[in-house]
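First up is the structure itself, then whatever we jot down about it.
Coordinate-derived values only; no laboratory data. Being a predicted model, the structure only gives us computed values, none of them experimental. Cβ atoms come from the backbone with ideal geometry, glycine included; neighbour counts cover every protein chain shown.
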Amino acid sequence: MYRTHTCGELRIADVNKEVVLSGWVQKIRDLGSVIFIDLRDRYGITQLYFDNVLNPDIMDLARKLGREYVLRIKGTVRERESKNPNIPTGDIEVVVKELEILNESEVPPFTIEENTDGGEEILMKYRYLDLRRPNLQRALLLRYEMAKEIRNYLDSQRFVEIETPFLIKSTPEGARDFIVPSRLYRGSFYALPQSPQLFKQLLMVAGYDRYFQIVKCFRDEDFRADRQPEFTQIDCELSFVTQDDIINIFEGLAKHLFKKIKGIEFNEAFPRIPYSEAIEKYGTDKPDLRFDLVINDLTKQLQGYGFKVFDAAEYIGGIKVESKADTYSRKKIDQLTDFVKRPQVGAKGLAWIKYNADGSIKSSIDKFYTEEVLRNVLSDINAQPNDIVFIISGPKQQSLKALGELRLEIARSLGLIDENIYKPLWVVDFPMFEWDEEDQRYKAMHHPFTSPKEQDIDLLDTDPGKVRANAYDFVINGVEIGGGSIRIHKRDVQEKVFEALGLSKEEAQEKFGFLLEAFKYGAPPHGGIAFGFDRWVAIFNGSKSIKDVIAFPKNSAGRDLMLDAPSPVSPGQLEELGIEIKPDTE
Ligand code: ASP
């Protein structure tokens, strides 16, 4: 018998019990005549006690132990002399009578503790050791609990979990496909799903009514911080529902998770903000609502006074920071200016108006504006003494994006973000299409199966850029957690949208013929949503990176350092597939 208890279980009430424990050696303190060992398993840590008098015959063996040895011990629980209030088993220790080494261990390449000394490379190479650390164990258990509660909730709402295939034909979600060569059909390839989008729609045609799946998706994208080539979605689809029905059901899921996992009750409905409002107020379609700071349109107020930069700008926007004018020294403003000029932020410069505490005004643009004009700007946005306004101008979309970044940077640097609160919201009324400068054509903002708003259908032919979609995103603390849409279920509308996307009839037939075919046979009105499960777990876990909540993630260059993948395959395998590798031309 390996154990009567786990290493996290024994309490003062167990004193005098004879117990058997198994686990890993976390720590050894050899005081000569006395040895203390912390024995660890998934459930916790129990202190083992050995001494010359009580355990004379196993002291030698105990001295042979090293970190991460696997032991089985038998002993008696007793009350500790010096208690450790920081761990649940801290009142007791086990006086060991029998010691068996189940397996030895080499010295691990890093310390297996909450805060380790290992760098990312080594931690990933020895991920199974990293995964022994309590923080990672907590994260994966949280992930499991969340998955369980998701299933509980969706089950209560009559969803059924149905698996869809991984070896498929491309499903467009705006990324590149991973492709898998076929041995039996030389020169042909499967694609790994970017999402089960088309299958879940076909399941609606098939009458399953409410589907979900916690499922792996694969996207061959360029590596960006915190992207994984494979990730997990909570993928859902429903029939005979409106956008509001879907939002209500999944707001219910979010509230269920907040309550069960975080112990937080949301009594009010989450805000639902139209896309255009999110962009105008926060400069992003995933606003962080944990702090105020909104963008004000100052174009009218600041144009027509002869300041060339502003007069030529399509848009001028400002962010008012309350009660902080005195903290913005020249140097701090210069730093902020450098920030907005970074290529990722994209502004040309940063202007400012300081409303000093004594009521006077100072501004980087006071050469061009009378004090009266500046005072009018301040009063329009209700500025008070000791407020400061930061201003960015230029093309509208670009300036709003820069202001959105500036908003976050100001909040971060002033410590306005409370890491312990959650601000969920829905962003609704997304545009159907966005213009792709590079390809000079419209692309689907969500995906090509998203339905246009009924009242905008006529614009499909005349002004596609203005068409709004029945699409929605779910956002928590500035992170996009999910998104979905009411789908097109009519063949003619689907064909029209393909057309607006520049897809010829033949191309549409070639790529999505099976969907158009299915739509001939009584497709019900339907819609759905998918959530990024890894991101949601990361947010609940307080992790900056989704790697912390994935058991075996890839590194930021998309490699698995433990497996050393991707890696070449044997010439024989290539031969069978009829594949020849071109020499690297670079
Ligand atoms: N398939 C979409 C995605 O992966 C979500 C959806 O529309 O349901 O983003």
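Scan the range 208-225 residue by residue and report those that are free of Cβ contacts under 8 Å to residues at least 12 places away in the same chain and of a type outside the set (Lys, Arg). So that I can check it myself, show each step before the final result.
Filtering the range 208-225 down to residues free of Cβ contacts under 8 Å to residues at least 12 places away in the same chain leaves 222, 224.
If the condition is that a residue be free of Cβ contacts under 8 Å to residues at least 12 places away in the same chain and of a type outside the set (Lys, Arg), then Asp222 is the only one that fits.
Looking only at helices (runs of 4 or more DSSP H) that fall completely inside the range 170-283, which ones have 2 or more residues that are more than 15 Å from the ligand (Cβ to nearest atom) and basic (Lys, Arg)? Talk me through it step by step, then tell me what you get.
Working: elements: 197-205, 243-262, 275-282.
Hits in the range 170-283: 243-262.
Tell me which residues, restricted to the range 418-441, are away from the ligand (no atom under 16 Å from the Cβ), surrounded by 15 or more Cβ atoms within 10 Å (Cβ to Cβ) and not aromatic (Phe, Trp, Tyr).
From the range 418-441, those away from the ligand (no atom under 16 Å from the Cβ) are 418-425, 435-441; that's our starting set.
Keeping just the survivors that are surrounded by 15 or more Cβ atoms within 10 Å (Cβ to Cβ) gives 422-425.
Lys423, Pro424, Leu425, listed by residue number.
Conditions first: (1) more than 16 Å from the ligand (Cβ to nearest atom); (2) touching a residue at least 24 places away in the same chain (Cβ under 8 Å); (3) out of contact with any helix residue (DSSP H, G or I) (no Cβ under 8 Å at 6 or more places or on another chain); (4) hydrophobic (A, V, I, L, M, F, W, C). Leu374 passes all but one, so which condition is the exception?
(2)
Pairs, please: C-beta under 7 Å, at least 6 apart or cross-chain, first residue of a type in the set (Lys, Arg) and in the range 156-171, second surrounded by 11 or more Cβ atoms within 10 Å (Cβ to Cβ)?
If the second residue must be surrounded by 11 or more Cβ atoms within 10 Å (Cβ to Cβ), the pairs left are Arg158/Arg210; Lys169/Ala191.
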